[in-house]
1. Name the helices (runs of 4 or more DSSP H) wholly inside the range 20-122 in which the number of residues that are out of contact with any helix residue (DSSP H, G or I) (no Cβ under 8 Å at 6 or more places or on another chain) and surrounded by fewer than 18 Cβ atoms within 10 Å (Cβ to Cβ) is 3 or more.
2. Which of the residues belonging to the range 66-84 are farther than 17 Å from Ala112 by Cα and among the polar types (S, T, N, Q)?
3. When the range 142-189 is examined, which residues are found to be crowded, with 17+ Cβ neighbours inside 10 Å and on the phi > 0 side of the Ramachandran plot?
4. Report every pair of residues separated by at least 6 positions or lying on different chains whose Cβ atoms are under 7 Å apart, first residue within the range 72-89 and modelled with pLDDT under 75, second among the basic types (Lys, Arg) and surrounded by 21 or more Cβ atoms within 10 Å (Cβ to Cβ).
5. Given the range 125-225, what helices (runs of 4 or more DSSP H) lie entirely inside it while holding 1 or more residues that are without any contact (Cβ under 8 Å) to a residue 60 or more places away in the chain and of a type in the set (Lys, Arg)?
6. Any chance the range 199-210 includes a residue that's more than 14 Å from the chain's Cα centre (by Cα), crowded, with 19+ Cβ neighbours inside 10 Å and farther than 19 Å from Phe53 by Cα?
7. Whether any residue in the range 230-238 is crowded, with 18+ Cβ neighbours inside 10 Å, in contact with an Asp or Glu (Cβ under 9 Å, 6 or more places away or on another chain) and outside any strand (DSSP E or B) is what I want to check.
8. Select from the range 123-133 the residues that are within 14 Å of Ser52 (Cα to Cα) and surrounded by fewer than 24 Cβ atoms within 10 Å (Cβ to Cβ) and list them in ascending order.
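The values are calculated or read from the model by the stated rules, or taken from the named source; none is laboratory data. Keep in mind it's a predicted model, so treat the numbers as computed, not measured. Please note: Cβ atoms are built from the backbone with ideal geometry, for glycine as well, and neighbour counts cover all protein chains shown.
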Amino acid sequence: MVRRGLLATLILFLSGASFADAPRIAIIIDDLGYHLANGKRAIRLPGPITFSFLPGSPCARLLADDAHEHGKDVLLHLPLQAHSSDGWHEPEPSEIGLDMSREALSAVVEAALQSVPHVIGVNSHRGSLLTRHPGHMQWLMEEIRDREGLFFIDSYTHHESVALQIAHETGVSATKRDVFLDPDRSSETVAREFERMKTLARQRGQVVAIGHPYPNTLELLERELPLLLEEGFELVNVSELVQ
């Protein structure tokens, strides 16, 4: 696999192409912190994969330290209230809800950030309800902006989300998810969405994909990530794609 990667680099060089011309792909692995073995397996994925940890989860600190030691970027996977029609009933630990005051929201964000070390950005967990409410999104973006250097990724769980717009209006570097690699856990779905990710990257020049530490997802990524270079893609940290 290493030889094939070196060959692809040589082909790029001899053809006069460069990584500046290559479609860029950023992949985030979400929902880390509850399953140690799957988390450790995910962190060993090759290349600049980004990892996002749920605040208050029992393995978050240990796994975030592990990711950081392996040179991976670490995000806070901040729970935001989902619409009841999505099937979520019990609130997550550290979840931000519509009934929360400005002061309470600030305290939750601070505690969540303290629970996960090495965080360089925040992405939303669930949030199909809250991300449609400009007031609470404004509060959240102000919290992110006031902690210098943090960026925001809208996981985009609802098409009416205003999170990205308000992030930009508030001066927060941000982007949104383009593809979920595993909307269900079947190997067929993961393979289909991985191909869709590559198609969108070719069309748009860059793409942000989100997956989870499911066995079928990890198996496909272990197999396919080393092939992206020779297929003409550049795998990058998601921080390189925020505006």
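1. Ranges flagged: 60-69, 102-115.
2. Result: Ser84, single match.
3. Tyr156
4. Close Cβ pairs satisfying both conditions: Trp88/Arg126.
5. 134-145, 187-204, 215-224
6. yes
7. The answer is yes, given that some residue of the range 230-238 is crowded, with 18+ Cβ neighbours inside 10 Å, in contact with an Asp or Glu (Cβ under 9 Å, 6 or more places away or on another chain) and outside any strand (DSSP E or B).
8. Within the range 123-133, His125, Arg126 qualify.
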